[in-house]
Amino acid sequence: MGHPFVSEEHEGKPWFEWAVAVVVVVAAIIAAFGYIMAATLVLGVTAMITGLVRAVMREHSPWKIRSVAFDTVCGIGFGIVLFALGLSIRLLTV
């Protein structure tokens with residue numbers, strides 16, 4: 001088992017990273033218009049997609065931060081946590 005690379009040569013693809021950045025900006029704009037749950041949903045789905053892309057494509061993935069396991073757990077986990085947080089806020093305000 002090798003050590004994960006940390007150099008730019010082995011990082012993800014810039015086009016995918018910029019696409020994720022655009023989605024985050026869109027989510028911020030959606031939230032600014034008052035649609036907080038929709039923005040949370042957009043971020044959660046995006047996080048889960050990046051985690052799934054990394055899990056499925058492994059070393060050929062355009063989304064790389066550290067190891068496959070780390071990226072997958074962080075992406076999918078963050079998506080699940082965002083959904084749980086959004087749901088709990090929704091239940092508290094009912």
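The figures follow:
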{"quantity": "Whole-Å distance, taken between Cα centres, linking the range 52-83 and the range 23-40", "calculated": "22"}
{"quantity": "Whole-percent carbon and sulfur share, accessible surface of the range 26-93, 1.4 Å", "calculated": "79"}
{"quantity": "Paramagnetic label zone (point 7 Å from Cα along Cα-to-C-beta, residue 36; backbone N under 19 Å) in the range 64-94", "calculated": "79-94"}
{"quantity": "Inter-label distance for residue 17 and residue 80, nm, one decimal - labels placed 7 Å from Cα along Cα-to-Cβ", "calculated": "2.7"}
{"quantity": "By average C-beta atoms within 10 angstrom, highest first, the peptides 57-66, 35-44", "calculated": "35-44, 57-66"}
{"quantity": "Dipole magnitude of the chain about its Cα centre (Cβ charges: Lys, Arg +1; Asp, Glu -1), debye to nearest 20", "calculated": "280"}
{"quantity": "Dipole of the chain, positive direction: furthest Cα of 21, 65, 80, with charges on the beta-carbon", "calculated": "80"}
{"quantity": "Helix-only CD estimate at 222 nm, as mean residue ellipticity for the chain, using -39500 (n - 2.57) per DSSP H run (n ≥ 4)", "calculated": "-24500 deg cm²/dmol"}
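The values are calculated or read from the model by the stated rules, or taken from the named source; none is laboratory data. Keep in mind that what you see is a predicted model, and the values were worked out from it rather than measured. Note that we place each Cβ from the backbone using ideal geometry, even for glycine, and neighbour counts take in every protein chain shown. Keep in mind that these areas ignore ligands, DNA and RNA; they rest on the heavy atoms of the full protein, side chains included. Shrake-Rupley method; radii C 1.70, N 1.55, O 1.52, S 1.80 Å.
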